[in-house]
Amino acid sequence: MTNRVDGGALVVRVGGTIRIELLRLLRDTGIGLNTHAETLLAHPAFDDPGHRTLRIVRRTVGQLGMGNGGVQPEVFATARRQGLELCPLVTGPYLRLALMDQADAPDSVLSAGRAPAGALHIASEPVSEDVEYPKGFYLRVVDGRHWLRGYRCDDTYVLTPEQEFAFHSPEDDG
């Protein structure tokens, strides 16, 4: 997993590791998983160990021009109009491993029915329309412990302008 910073973007190799090895790597690195992350890691998207290199950029909902926030489909559509793409679902664990220098969250609340402070959500296409099925991953550090967590939301949940997402910027992929 070679990672490098390129003009403010993080270049990350995603995929290429079979599921059991990826789970071992996450465990051996001390990364915590919630039940929703475990559900996502069991998804067939992780069956194909093919890999690709992505140029990852971070944007808040506000930086995308949505000063009043917006629902996830609107946020993703706005990002696409700005030339950003959604990440493949498999990006989550690889980005977690690449961002081990992520700062500690300002609070230690793990689940509060809202977007957690200090979280970096991975912008990926939901793999199920079922509101009970996790929509994607987010990265967070709580009390020094690195987490890869899955989250659920429906299409009426309003994301705040401060909420941060990781997008794929196809420009100059490595």
### Query
How large, in percent, is the carbon and sulfur part of the accessible surface of the chain at a probe radius of 1.4 Å?
48 percent
### Radius of gyration, Dmax [the chain; alpha carbons; angstrom]
15.0, 42
### Task
Please grab the % of Cα pairs in region 16-89 that end up more than 21 Å from each other.
48 percent
### Task
Please work out the ratio of the alpha-carbon Rg of region 123-174 to 2.2 N^0.38 Å and round it to two decimals.
1.36
### Task
Using amide H atoms built 1.01 Å from N in the peptide plane, name the residues 5+ places from V90, or on other chains, whose amide H lies under 5 Å from its own.
none
### Surface accessible to a 1.4 Å probe, per residue, for the residues of the chain, Å²
48 Å²
### Summary
Calculated from DSSP helices alone, with each H run of at least 4 adding -39500 (n - 2.57) and the total divided by the residues of the chain, [θ]222 nm to the nearest 500 comes to -5500 deg cm²/dmol
### Task
Search the structure for amide H atoms under 5 Å from the amide H of T60, placed 1.01 Å from N in the peptide plane, and list their residues when 5 or more places away or on another chain.
F165
### Task
Starting from region 66-154, pick out the trypsin sites (Lys or Arg not before Pro) whose DSSP state is loop and whose Cβ has at most 12 other Cβ atoms within 10 Å.
R114
### Query
Which ³J(HN,Hα) values in Hz, rounded to whole numbers, follow from the phi angles of region 53-62 under the Karplus curve 6.51 cos²θ - 1.76 cosθ + 1.60, where θ = phi - 60° and Gly and Pro get x?
9, 10, 9, 9, 10, 9, 9, 7, 4, x
### Task
Place a +1 charge on the Cβ of each Lys and Arg in the chain and a -1 charge on the Cβ of each Asp and Glu, then give the dipole magnitude about the Cα centre in debye, rounded to the nearest 20.
300 debye
### Summary
Stretched fully, the stretch from E162 through T35 gains (0.36 nm per residue minus C-alpha distance, one decimal, in nm) 43.2 nm
### Query
How far is it, in nm, from the label point at D101 to the one at I18 when both lie 7 Å from their Cα along the line to the Cβ?
3.4 nm
### Message
From the convex hull of the Cα coordinates of region 80-171, what is the mean projected area in square nanometres?
### Response
6.5 nm²
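The values are calculated or read from the model by the stated rules, or taken from the named source; none is laboratory data. Please read all numbers here as calculations on a predicted model, not as lab measurements. Cβ atoms come from the backbone with ideal geometry, glycine included; neighbour counts cover every protein chain shown. Ligands, DNA and RNA are excluded from the accessible area calculation, which covers all protein heavy atoms including side chains. Shrake-Rupley method; radii C 1.70, N 1.55, O 1.52, S 1.80 Å.
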